[in-house]
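**Student:** Quick one: the structure is below, and I'll ask about it shortly.
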Amino acid sequence: MATCEHAVAAGGKTAPQQFEENNLSEAKRVIAVLSGKGGVGKSFVTGSLAVELARRGNKVGILDADITGPSIPKMLGMSGRHASGIGNLLLPEVSMTGIKVMSSNLLLANETDPVLWRGPVIAGAIRQFWSDTSWGPLDYLLVDMPPGTGDVALTVFQSLPVDGIVVVTSPQDLVSMIVAKAVNMADKMNVPILGIIENMSYITCPDCGKKIEVFGPSKLDEVAEGYGVKVLGRLPIDPALALACDAGAIEEALPSDLLPDAIAACEAVEPHEGEGASENA
Ligand code: ADP
């Protein structure tokens, strides 16, 4: 993992406020998935990347930092489950295909309870999910970020050693503004943006297979080029997949190789090799 004076000054990788990793965890790559606002499919993209990386034989975890709108456990069939503990550490829940998840949803008595936490409590939860959770060895830890590029997202970036950022937009977004904010945030944190995924980009006509851009032609390519950021893929609106996510069946329902460029970008992140963590869950 690179360190430099700039990172320290910006509150980046080696900043004192960064949370410590415990010795039962070793995440080789930490990749944050970010969006400009809620509802664009950030969690769906996080889940999809996790499923595909796990299918390729990687050990994958998802740290659900979307504390007030957690949707990862449900999509991975973990509704009603609760995280357990070992000593002082929490244990992530494990999905059908071995994806480890830590989420505020796994700590609530009822998954429909609202999470009305404010900034400092949210920061405390992120600390628990990173420092006080026994992840074991992971090839990839994906962080489902809180929506937006404001204070809460910034706190998460300052707290975790993020290696790369995937930005998710939808065609209704003010793409240019979101990309500008994401680029700014990434610069401040000295973390590279791996690229952008446009979700709900089009629908495919069920009769003739034609792609229809419901919200008009996408401006993503020109915006991405303007900021020197890669486009990592476009996903259609897929009602069957939305139903599968609702039913906790994304692992069975996700088409194979849905986001090849995004997966390649994750695989291209240099892994950090450490002391090694023992397998525990
Ligand atoms: P966010 O994390 O950005 O708030 P979610 O990933 O929770 O958004 O997605 C919001 C809703 O939209 C969910 O019900 C999800 O299943 C659905 N959804 C996301 N992407 C798609 C898609 N490409 N096609 C159909 N439904 C989608």
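**Student:** Six or more apart or on different chains, Cβ under 7 Å: which pairs go from a residue in the stretch 36-62 that's more than 15 Å from Ala264 (Cα to Cα) and away from the ligand (no atom under 15 Å from the Cβ) to one that's among the hydroxyl-bearing types (Ser, Thr, Tyr) and not in a helix (DSSP H, G or I)? Could you list them?
**Tutor:** Once the first residue is more than 15 Å from Ala264 (Cα to Cα) and away from the ligand (no atom under 15 Å from the Cβ) and sits in the stretch 36-62, its partners that are among the hydroxyl-bearing types (Ser, Thr, Tyr) and not in a helix (DSSP H, G or I) give Val60/Tyr140.
**Student:** Restricting to the stretch 215-243, give me the number of residues that are touching a Ser or Thr at 6+ places or on another chain (Cβ under 7 Å), aliphatic (A, V, I, L, M) and within 11 Å of the ligand (Cβ to nearest atom).
**Tutor:** 1
**Student:** Which members of the stretch 199-230 meet the condition of being hydrophobic (A, V, I, L, M, F, W, C) and within 16 Å of Ser48 (Cβ to Cβ)? Walk me through how you get there before you give the answer.
**Tutor:** Of all residues in the stretch 199-230, those hydrophobic (A, V, I, L, M, F, W, C) come to 200, 203, 205, 208, 212, 214-215, 220, 223-224, 229.
Within the stretch 199-230, just Met200 meets the criteria.
**Student:** Which of the following residues is of a type in the set (Gly, Ala, Ser) and under 26 Å from Met102 (Cα atoms): Ala186, Ala180?
**Tutor:** Numbers: Ala180 fails: under 26 Å from Met102 (Cα atoms).
Result: Ala186 is the single residue among Ala186, Ala180 that is of a type in the set (Gly, Ala, Ser) and under 26 Å from Met102 (Cα atoms).
**Student:** Among the listed residues Thr133, Thr112, identify the single one that is touching a strand residue (DSSP E or B) at 6+ places or on another chain (Cβ under 6 Å) and of a type in the set (Val, Ile, Thr).
**Tutor:** Thr133 is the lone residue from the list that is touching a strand residue (DSSP E or B) at 6+ places or on another chain (Cβ under 6 Å) and of a type in the set (Val, Ile, Thr).
**Student:** Which of (1) out of contact with any Lys or Arg (no Cβ under 6 Å at 6 or more places or on another chain); (2) open to solvent by less than 40 Å² (accessible area, probe 1.4 Å); (3) within 30 Å of Met78 (Cα to Cα) does Ile203 not meet, given it meets every other one?
**Tutor:** Going through (1) out of contact with any Lys or Arg (no Cβ under 6 Å at 6 or more places or on another chain); (2) open to solvent by less than 40 Å² (accessible area, probe 1.4 Å); (3) within 30 Å of Met78 (Cα to Cα) one by one, Ile203 breaks only (2).
**Student:** Let me ask another. Of all residues in the stretch 72-121, how many are in contact with a Leu (Cβ under 9 Å, 6 or more places away or on another chain), β-branched (Val, Ile, Thr) and open to solvent by 80 Å² or more (accessible area, probe 1.4 Å)?
**Tutor:** Residues flagged as in contact with a Leu (Cβ under 9 Å, 6 or more places away or on another chain), β-branched (Val, Ile, Thr) and open to solvent by 80 Å² or more (accessible area, probe 1.4 Å) within the stretch 72-121 amount to 1.
**Student:** For Gly216, only one of the following conditions fails: (1) farther than 26 Å from Arg56 by Cα; (2) open to solvent by 70 Å² or more (accessible area, probe 1.4 Å). What is its number?
**Tutor:** Among (1) farther than 26 Å from Arg56 by Cα; (2) open to solvent by 70 Å² or more (accessible area, probe 1.4 Å), Gly216 violates only (2).
**Student:** Moving on. Could you tell me whether any residue of the stretch 43-64 is under 23 Å from Ile165 (Cβ atoms) and modelled with pLDDT under 95?
**Tutor:** no
**Student:** Among the candidates Gly136, Gly195, Gly124, Gly119, single out the residue that is in contact (Cβ under 8 Å) with a residue 12 or more places away in the chain and more than 27 Å from Glu251 (Cα to Cα).
**Tutor:** Just a single option satisfies the conditions, and that option is Gly119.
**Student:** I would also like to ask the following. Please report, ordered by residue number, the strands (runs of 3 or more DSSP E) entirely within the stretch 100-214 with at least 2 residues that are more than 16 Å from the ligand (Cβ to nearest atom).
**Tutor:** 100-102, 136-138, 140-144, 193-198
**Student:** Can you tell me which condition Ala65 does not meet? The list is (1) closer than 22 Å to Pro137 by Cβ; (2) open to solvent by 10 Å² or more (accessible area, probe 1.4 Å); (3) not hydroxyl-bearing (Ser, Thr, Tyr), and all the others hold.
**Tutor:** Tallying (1) closer than 22 Å to Pro137 by Cβ; (2) open to solvent by 10 Å² or more (accessible area, probe 1.4 Å); (3) not hydroxyl-bearing (Ser, Thr, Tyr), Ala65 fails exactly one: (2).
The values are calculated or read from the model by the stated rules, or taken from the named source; none is laboratory data. Note that the structure is predicted; figures quoted are calculated from it, not measured. Every residue, glycine among them, receives a Cβ derived from its backbone with ideal geometry; neighbour counts consider all protein chains shown. With ligands, DNA and RNA removed, areas are computed over all heavy atoms of the protein, side chains included. Shrake-Rupley method; radii C 1.70, N 1.55, O 1.52, S 1.80 Å.
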